[in-house]
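What follows draws every value from the coordinates through simple rules; no lab data is involved. Just so you know, these numbers come straight off a predicted model, no measurement behind them. Neighbour counts are summed over all protein chains in view; Cβ atoms, including those assigned to glycine, are modelled from backbone coordinates with ideal geometry.
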Amino acid sequence: MKTFKKLLASLFAILLITACGNSDDDVNFDLNQSELGKGEEPDSCLGFEDNDLLLSIQEEFTTLPSKVSVLFKVTDNLGNPVSGLTASQFTIYEQGRNDDCFNTISPSESFARISPNSQVFNNNTLLVLDLSNSVLQSSLEELKVASTSFVNNVMPTPETDSFKMAIYWFDGEDVLHLLNPLTSSAEELTASIAAIDENISNDPSTDLYGAVIKSTNIAEELIQETNEQSIIGAASVVLFTDGTDQASRFTEQSALNAVNNANPNISFFTIGLGAEIDTQVLTEIGKTASVVAANAAELEATFNQISARVSEQANSFYLFEYCTPKRDGSGENNLVIQLTNGALQGAVQTKFNATGFTGGCE
């Protein structure tokens, strides 16, 4: 009965979001159900309630003399990222080979903390701008202001090598043009935006579907390169357009296939402008979040909506670390991390090996 009630609540939330949309401020957030990654549901002996928050384990490792590290992403049951959590909101439970159930490990005694995740996690954002003739002639200055605001809102201060952004643009050519390569410098990105003028494009058409496919491929390559360095990678593709695909080089289905078959750690956002866009298509491409500005004057506010979502995605990855009391000879141990955030809770179970562990912890 409890699960059934939660399902009804989720359905009601979905209906409410749909009902509140309007043509002037059309917002659609992805409702995909998250998974537990490398984790699993906690043992029933703990008697936890159903998860309101989902902790999806991306990676886990141990460091001598006794440190356990777990990188995970936190979302709610609607798939929305949860950022801004602190170590005090997590409770640690361990189960060794001699334990019938789990024992609580004091967060203070175990020096539990949320650590900077730069050594194990990279996040890259691709800002993809439609610079076809209609934009250049009617809304270029507003787009430059909005894009600059987006960069300043998303890029962390101080700069960090674990969070970078690149800017691309498209028109009617079969090319995704690079405006600025990946960088952690907001100043460099905003300078590139300021340099855009109405003469940047020679093709007045719009290769929207090509831009979707090419930017997805770039995001895939970035994650692959990161993984080859033994670092977990995530990426966000943020695409702006004021129209529909006119070049007809690629089909709508090909673009949607690229998005839907992409690495699950790639988030997709779309920003539409004006009455010429196909809202349904942009919603499907921007499966994480999709927004529409009715006119150029609304562009900055609309970009700011998406910048908040992009930041939340990046900041919903946590590297949780603590010092375990388990020692050499205890072998493989079960670990449950429980999160409490207001009235909501979630937990995930995993394992670690304490072979070689001794006293002390960095």
- Message: Could you order the peptides 270-277, 251-258 from most to least packed, using the average number of other C-beta atoms within 10 Å per residue?
- Response: 270-277, 251-258
- Work out the count of Lys pairs in the chain where the Cα-Cα distance is under 13 Å, with the pair 8 or more places apart or on different chains. 4
- Query: Of the peptides 302-313, 337-348, 218-229, how do they stack up when ordered by the mean number of other Cβ atoms within 10 Å, highest first?
  - Reply: 302-313, 337-348, 218-229
- Item | Antiparallel %, DSSP beta bridges [both residues in the range 113-198], to 5 | 35
- Item | Top positive-direction residue, dipole computed over the range 50-140 with Cβ charges, set THR62, THR104, PHE121 | PHE121
- per DSSP, antiparallel bridges as share of beta bridges in the range 120-252, % nearest 5, sits at 20
- Note on the structure: In order over the range 292-297: 3J(HN,Hα) from phi, Karplus 6.51/-1.76/1.60, θ = phi - 60°, whole Hz, x for each Gly or Pro, gives 10, 9, 5, 8, 4, 5
- Query: Which residue, chosen from VAL238, GLY359, ALA293, occupies the Cα position most advanced towards the positive end of the dipole of the range 209-362, where the dipole is computed from +1 (Lys, Arg) and -1 (Asp, Glu) charges on Cβ about the Cα centre?
  - Reply: GLY359
- Task: Determine the dipole magnitude for the chain: charges of +1 sit on the beta-carbon of Lys and Arg, -1 on that of Asp and Glu, nothing else is charged, the reference point is the Cα centre, and the result goes in debye to the nearest 20.
- Result: 1320
- Residues whose placed amide H lies under 5 Å from that of ILE232, excluding near-sequence neighbours: PHE121, ASN122
- Query: Of the residues LEU127, LEU182, LEU71, which exhibits the maximal mean-square fluctuation in a Gaussian network model of the chain defined by a 10 Å Cα contact cut-off?
  - Reply: LEU182
- Query: Around ILE57, with a cut-off of 14 angstrom between Cβ atoms, what is the net charge of the other residues, counting Lys and Arg +1 and Asp and Glu -1?
  - Reply: -3
- Give me the percent of DSSP beta bridges within the chain that run antiparallel, rounded to the nearest 5. 60
- What is the packing order of peptides 261-268, 289-296, 41-48, taking the mean over residues of other C-beta atoms within 10 Å and listing the highest first? 289-296, 261-268, 41-48
- Match the structure shown to one of the listed values [x] 1.04; [y] 1.09; [z] 1.46 of Cα Rg over 2.2 N^0.38 Å, computed from it, and give that label. [y]
- Between GLY37 and residues 5 or more places away or on another chain, which pairs have amide H atoms under 5 Å apart, with H built 1.01 Å from N, and which residues are they? ILE57
- Once the other residues with Cβ under 13 Å from the Cβ of ASN341 are scored (Lys, Arg +1; Asp, Glu -1), what is the net sum? -2
